[in-house]
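Read the structure below first, then the notes.
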Amino acid sequence: MSIRDVYIVDAVRTPIGKFGGALSSVRPDDLAAHVVKALVDRSPDLDPARIDDVYFGDANGAGEDNRDVARMAVLLAGLPTSVPGVTVNRLCGSGLEAVIQAARAVALGDASVAVAGGVESMSRAPWVLQKPERAFPAGHQQLHSTTLGWRMTNPRMPAEWTVSLGEGAELVADKHGLTREAQDAFALASHQKAAEAWAKGLYDGEVVPYPGVELERDECIRDNTSLEALARLKPSFRPDGGTVSAGNASPLNDGAAALLIVDEEGLRATGREPLARIRASAVTGIEPQLFGLGPVEAVRRALEKAGRGFADLTTFELNEAFAAQSLGCLAEWPELDPAVVNPRGGAIAIGHPLGASGARLAGAVAHQLAAAGSGTGLAALCIGVGQGLALVLER
């Protein structure tokens, strides 16, 4: 069986909304449907009935994104009912996992045209109540927030594995001797690069605002923040001596992203030039409390599979879950030129809607390669509970 070449024809995303912000009134299935419809509408020569499957990442799935949000997006977007949809969950890597699964299906000939993406509304993530062990308990019952992090934790899990995400970032800072000042400087650069990219119109070709919502740009970018302002924020997880703050961590967010993925036959059906070609991917595991370093080995393996090295990279979108986590990874890649990392800003400024972020990163790399005309790009994320995921693209 021959392996087919796999292309990204197009990629779109919503502006990323802040927690309780402009997109908080929009259901996640509607966010997903919006980017699916916008993506398909941008390729008018493509018959939507030719879409073999829709893959969507979603890290929560406990609220309005339940019952297979990918299939809900297909139906709400007005695609033919013959188009199926499947939802995948690799926590923060869910959107990129969806892209990889779609690409794998196309490469193996199981699909010729696929849509892949991700969605998350952290604003609308519900509280959940466990069923009691017996009927009509007399005592109080606990509600669990599904917005972020551990809940209903299995008591068999070792305590060191189930620390908060922020404490995990502090552990990475400890491991690599990362100061508060270094983390704040990294965060400031993220905001500055994102603000500059928006001012230059670099996101105009990929961002599709949600109709009826007054949000044209990513909502969490702080154009006028400074090192002094960031330094005034208190540590969020270690009151005494901590280095991780709300200013050098990604915020809670709402948003969606989608990509059109095809083989040669599907490419002809779109009548378009592809943004990039998918070359290789890799996933790895690590100690859960050191999840922030998950991308380190995944990136190395993906590049090796692609026959490329760090020196070949034109652009590298590394998800900024925390400044400490990103800086920890960069410290373990001494061959990498930091100038190619997140040239248009990262998640600290843009936002991190969990299930959508990986798709956003893959789309961003594809658009940047198209703008450059040629090159090799990479998208990678750390993942809670200790995983890393990476994807190599070329043009």
Heavy atoms of Thr147 accessible to a 1.4 Å probe, total area in Å² rounded to 10: 20 Å²
Accessible surface, 1.4 Å probe, highest first, among residues Lys18, Lys131: Lys131, Lys18
Per residue accessible area of segment 334-395, 1.4 Å probe, in Å²: 20 Å²
Solvent exposure, largest accessible area first (probe 1.4 Å, DNA, RNA and ligands not counted), of Ser326, Ser226: Ser226, Ser326
Cα pair distances of segment 311-378 binned at 10 Å [whole percent]: 20, 54, 26, 0
Low-density loop cleavage sites - trypsin sites (Lys or Arg not before Pro) in segment 136-198, where at most 16 other Cβ are within 10 Å (DSSP): Arg151, Arg156
Net charge dipole size for the chain [Lys, Arg +1 and Asp, Glu -1 on Cβ; Debye, nearest 20]: 480 debye
10 Å-binned pair-distance histogram of segment 121-212 (Cα, whole percent): 11, 21, 27, 24, 13, 4, 0
Dimensions in Å of segment 160-215 - Rg and Dmax from alpha carbons: 17.3, 46
Cβ crowding within 10 Å averaged over residues, with 283-292, 344-353, 104-113 ranked highest first: 344-353, 283-292, 104-113
Karplus-derived HN-Hα couplings along segment 323-330 (A = 6.51, B = -1.76, C = 1.60, θ = phi - 60°), whole Hz, x at Gly and Pro: 4, 4, 5, 5, 5, x, 5, 4
Solvent-accessible area per residue for segment 192-305 (1.4 angstrom probe, square angstrom): 48 Å²
Accessible-area value, Arg308, 1.4 Å probe, nucleic acids and ligands omitted, Å²: 90 Å²
Accessible area in square angstrom per residue, segment 1-86, 1.4 angstrom probe: 40 Å²
Qualifying GluC sites (Glu not before Pro) for segment 325-395 [loop in DSSP, other Cβ within 10 Å: at most 16]: Glu332, Glu335
Within the chain, helix-based [θ] at 222 nm, where runs of 4 or more DSSP H residues each add -39,500 (n - 2.57), nearest 500: -9500 deg cm²/dmol
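What percentage of the solvent-accessible surface of the chain, computed with a 1.4 Å probe over protein heavy atoms, is contributed by carbon and sulfur atoms?
About 51 percent, which is the carbon plus sulfur part of the accessible surface.
The values are calculated or read from the model by the stated rules, or taken from the named source; none is laboratory data. Just so you know, these numbers come straight off a predicted model, no measurement behind them. Reconstructed Cβ throughout: ideal geometry from the backbone, glycine too, with neighbour counts over all protein chains shown. Note: areas computed on protein heavy atoms with side chains; ligands, DNA, RNA excluded. Shrake-Rupley method; radii C 1.70, N 1.55, O 1.52, S 1.80 Å.
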